[in-house]
Each structure stands twice: as structure tokens, then as C-alpha cells.
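Nothing in this text is a laboratory measurement; each read-out follows from the coordinates by a stated rule. Computed from a predicted structure; not experimentally measured. Cβ placement follows ideal geometry from the backbone for every residue including glycine, while neighbour counts extend to all protein chains displayed.
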Amino acid sequence: MKVQEMAGHLIRRLNQVSTHIFAKQMQEDGVDLTPVQFAAMDTIAANPGIDQAGVAAKIAYDRATIGGVIDRLVQKGHVTRNVSEKDRRAREVRLTDSGFNLFQEILPKVERMQDEMLQELTPEERKTFQELTRKALGKSTPDEEA
């Protein structure tokens, strides 16, 4: 089997395409945000007050990496981080007003990007692709954690 036919190679290539489309759109919009930072903001928006470990779990990132992601979002003014009142070891995160506004502004664009990423697939093929991808990841529904 040639490398170009291997699942790992194809997954990596699709990730490259996805990342490129995201970066291009953010650059056009003058927004300094990575796909991982967007995923973290999406999780925080849906779970205000979630702790950093919870964000890491929901977007399938390790705790050390998510700390840096959250650090950059705090530096950009998109997120606040405070010590949890329930567990002094935990850090709760929330979107700032400007972070929430930015998230609301770019969310429709990110949703439209999904079509561009899979533009060669019909709507039925996209649905099948998403179902098969979830299955390969061991997830049966879109709402399951990463």
C-alpha cells in the first residue's frame, strides 16, 4: 500500500487543508486565533466556568497544552481565568465580553468553512463521512466528549 492510500496520511492531509482554510479566513478577518483556540472558546462558551482540565478533556488536548492555549486567550483578552471556589487547585475559565462578541462574530464563518473543507463531497457523503469519522474515533454521537 502506498503512503498516499494510508488512512493516517489522508487524515493528516485533511487536517492540513482544514487548518489552512481556518488560518486563511482568520487572516482575512484580521483575527489572531488558531483552530485550537477557537475550539477552547467554543467549549468555554458552552460551559461558562468550566475548569481548564474540563476544556482539555472536551477538545481532546492534554492539560499542559491547554494551559498554554488558555494563557494566550487570556493575553488576547478573550478569556478570564480564576481560582475555583470549589477546588482551589482548579482554574475556571470564562469568555470576556469581547471574547464572547468575537466568538459570536466568527462562529458563522467557521460553520461555513466546514462546507469548504468538504466541498468535494455531496451532502449525503458529508453526513456519512462525519458518521464514519465518529465511529473510527469510538464515538457514536456528535455530543460525546472527544
For segment 95-100, in order, what is each residue's ³J(HN,Hα) by Karplus, 6.51 cos²θ - 1.76 cosθ + 1.60 with θ = phi - 60°, in whole Hz (x at glycine and Pro)? 6, 6, 4, 5, x, 5
In degrees between 0 and 90, to the nearest 10, how far off the longest principal axis of the chain does helix 123-136 point, with axes built from Cα atoms? 70
Using a Gaussian network model of the chain whose springs link C-alpha atoms within less than 10 Å, name the residue from Val110, Val74, Val31 with the highest mean-square fluctuation. Val31
With angles folded into 0 to 90 degrees, how steeply does helix 63-75 sit against the dominant principal axis of the chain? Use alpha carbons for both and round to 10. 70
Hey, fewest Cβ within 10 Å first, where do Asp87, Asp42 land in order? Asp87, Asp42
With the dipole of the chain defined by +1 on each Lys or Arg Cβ and -1 on each Asp or Glu Cβ, the option from Ile70, Gly30, Phe129 whose Cα lies farthest towards the positive pole is Ile70
Relative to the first principal axis of the alpha-carbon coordinates of the chain, what is the inclination of helix 35-46, with its axis defined by its Cα atoms, in degrees from 0 to 90 and to the nearest 10? 60
Between Ser98, Ile44, Ala57, whose Cα lies farthest towards the positive end of the dipole of segment 32-113 when Lys and Arg beta carbons carry +1 and Asp and Glu beta carbons carry -1, centred on the Cα centre? Ala57
Can you give me the Cα centroid spacing of segment 103-140 and segment 1-63 in angstrom? 13
